[in-house]
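**Q** Next up is a structure, given as structure tokens.
The values are calculated or read from the model by the stated rules, or taken from the named source; none is laboratory data. Here the structure is a predicted model, which is why all the values come from computation and not from measurement. Here the Cβ positions follow ideal geometry from the backbone for every residue, glycine too, while neighbour counts run over all protein chains shown.
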């Protein structure tokens, strides 16, 4: 395959195809096109480029024009790539735009194919037409009261260009009217393409505060002269600074005047002032910008405040409009003495009962004194003087006041006030909060109402204005070991009593106890105290006399005194002091003895029986004296197996069941069985009562010790 480029032949490439058919030779690059010279329809910014594609052969090719302002046609610019066409001697053309006037361009037609190969045609050239200059924008800068600088952006269009500006006080549309003044530029603009700055100064010939209309004119060898659009600007009013009036220690009225010819352009003014001898610079301040409305002369003023007493200030009047600003002469004044100023307040030191408060106070040029006001409300209520005079300077001076007798953890309001011959100055309301201290215990705690298993513990505390928590610790020694629940008390600053009830104690026992209190600042424990519970009060059981004796039945009586504790009783019966039969009932929880009785059946005639009454409560079991009785009738001559005792209804004033005389005789539980049942019931009691329950169960239902008979 032969490849032809703009430089001529380059490579010969042979392609072999593995096929039974004859090998096909790939098409080469496009034929070199012919560029037509010169271009046609040439203007200052465009031209039509022409040429012939496939001048000697019928092939398929795409095309575009390459052009540029350099001697070589293959510059940076190209026309759009056109789609491939097929044919011989095809005339092609395209219009290119965006050219520079008075500029020589080179161009050529380029043919391409699908393989990306291209062939450059012959080179041709043309020159664009000349163009008159263009005024692209106009502006005004450095506007003063009597002069201005007029500017424009002018494109010389590649030809040397002269320029000037015209201005007048009147205009109608795009026509300047009245006296039209022309100011020529100092030098011509070079023959270049693109915007260049054209600028002239009017000189100090304008009227202050007046509106002027102007335009730029540009001319090169291509006629006609180019006129820019008519624009306008307004000169500044002439500011005149006048002496300040109504000067006090912290305020002053600044004065001045503005001279201008018309109100066009909406002129504004403001004052600038500063400490020292210059109205501008670091730290300078500015009043509000205010518009003017009435020509030709306007007296203006502005009040300023928050000045430093006994201080020199310099100020000046400044006039402004949309085009610039002008500054009047600088004048000075000195403020007098003023009311004291509280610049800053702070807390220097703080404790639970006192504070040292500090302030920075400016006496404002006169001898001043100060004091501190404080209290728990914004109305204060208390005050303390500053320990020393503040003098009469104009610089802030430190002041400190120490106060005491405050309550802990309490928020106080405070402020400093200072007074001199001019008046009184007050600081802002501030607050501080005293620190937290641990709560206090008043004396030793006490106990009262000690019973068999309970006691009331009390103590006196001072929460010190913080939420207080308390509890009692107690135990058989000063090591304690037990604690009541933690309880929240008050949060005041006076003594108050706290108390808690202890339950589940052991009768007739000495306990140690102490009061423990706490808040976020710490914990306090009282001195050790002791109390002793009262002795246990087991019930009193008395065995009475039998009644209604018969051969096989007997009603046995007695009494039980519960001594105010829930109490049960049991009547035991048997042929000896081991008994063997019994009947139980409820004796209540009253403070006095109650009668009890029980009827037994199936007794043996003519037989002597032992019986007794016993009573039980949580404090123990008591036993009545053993008594005997003999059933009526003689013993039978032969021995019969003893019948089980029938347990009858107990004769007590408490609720009972119906008589079981007609029912099968229930079988009495053994002591071991009763002990097992009682121990099982103890497991259901609270932890602090379980041990006492087990002790009482074993005492009541444990093995019976035989008593010695007299």
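**Q** Inside the range 245-261, can you point out the residues that are under 23 Å from residue 327 (Cα atoms) and within 48 Å of the chain's Cα centre (by Cα)?
**A** Within the range 245-261, 247, 251, 252, 253, 254 qualify.
**Q** What is the residue count in the range 428-452 for residues that are under 23 Å from residue 469 (Cβ atoms) and within 34 Å of the chain's Cα centre (by Cα)?
**A** Matching residues across the range 428-452 total 7.
**Q** Turning to a different aspect of this structure: Assess whether residue 100 counts as being farther than 30 Å from residue 259 by Cβ and not in a strand (DSSP E or B).
**A** yes
**Q** Please count how many residues of the range 218-260 are touching a strand residue (DSSP E or B) at 6+ places or on another chain (Cβ under 7 Å), over 30 Å from residue 286 (Cα atoms) and touching a residue at least 60 places away in the same chain (Cβ under 8 Å).
**A** Looking only at that region, the number is 9.
**Q** Among 404, 369, 332, which is the only one that is surrounded by fewer than 17 Cβ atoms within 10 Å (Cβ to Cβ) and over 30 Å from residue 273 (Cβ atoms)?
**A** Only one candidate passes the filter, namely 404.
**Q** For residues that are buried (at least 24 other Cβ atoms within 10 Å of the Cβ) and part of a strand (DSSP E or B), scanning just the range 245-268, find the one that is modelled with the highest pLDDT.
**A** Only one residue fits best here, namely 254.
**Q** Given the condition part of a loop (DSSP other than H, G, I, E, B) and farther than 30 Å from residue 337 by Cβ, answer yes or no: does some residue in the range 418-429 qualify?
**A** Looking for residues that are part of a loop (DSSP other than H, G, I, E, B) and farther than 30 Å from residue 337 by Cβ, one finds none in the range 418-429, hence no.
**Q** In addition: Can you tell me which residue among 100, 84, 72 is surrounded by 14 or more Cβ atoms within 10 Å (Cβ to Cβ) and modelled with pLDDT under 95?
**A** None of the other options fit; the residue is 84.
Matching residues to (1) at pLDDT below 90; (2) under 25 Å from residue 424 (Cβ atoms); (3) not in a strand (DSSP E or B):
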site: 295; (1), (2), (3): yes, no, yes
site: 299; (1), (2), (3): yes, no, no
site: 371; (1), (2), (3): no, yes, no
site: 377; (1), (2), (3): no, yes, yes
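**Q** I need a count of the residues in the range 337-357 that are in a strand (DSSP E or B) and surrounded by fewer than 18 Cβ atoms within 10 Å (Cβ to Cβ).
**A** 8
**Q** Here's a follow-up. Do we have residue 171 as more than 19 Å from residue 227 (Cα to Cα) and crowded, with 18+ Cβ neighbours inside 10 Å here?
**A** Taking the combined requirement at face value, the residue does not satisfy it.
Residue-wise test of (1) within 30 Å of residue 238 (Cα to Cα); (2) at pLDDT 95 or above; (3) in contact with a strand residue (DSSP E or B) (Cβ under 8 Å, 6 or more places away or on another chain).
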residue	(1), (2), (3)
133	no, yes, yes
141	yes, no, yes
150	yes, yes, yes
154	no, yes, yes
168	yes, yes, yes
176	yes, yes, yes
181	yes, yes, yes
184	yes, yes, yes
198	yes, yes, yes
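**Q** Shifting gears a bit: What strands (runs of 3 or more DSSP E) lie completely within the range 108-223 and have 3 or more residues being more than 30 Å from residue 67 (Cα to Cα)?
**A** 134-141, 149-155, 162-168, 170-172, 175-177, 181-184, 196-201, 211-219
**Q** Separate question: May I ask you to list the residues in the range 195-205 that are loosely packed, with under 14 Cβ neighbours inside 10 Å and closer than 15 Å to residue 162 by Cα?
**A** 197
Each row is one residue, and each column tells you yes or no for (1) without any contact (Cβ under 8 Å) to a residue 24 or more places away in the chain; (2) under 60 Å from the mean Cα position of the chain (by Cα); (3) surrounded by fewer than 18 Cβ atoms within 10 Å (Cβ to Cβ).
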residue	(1), (2), (3)
117	no, no, yes
124	no, no, no
130	no, no, yes
142	no, yes, yes
165	no, no, no
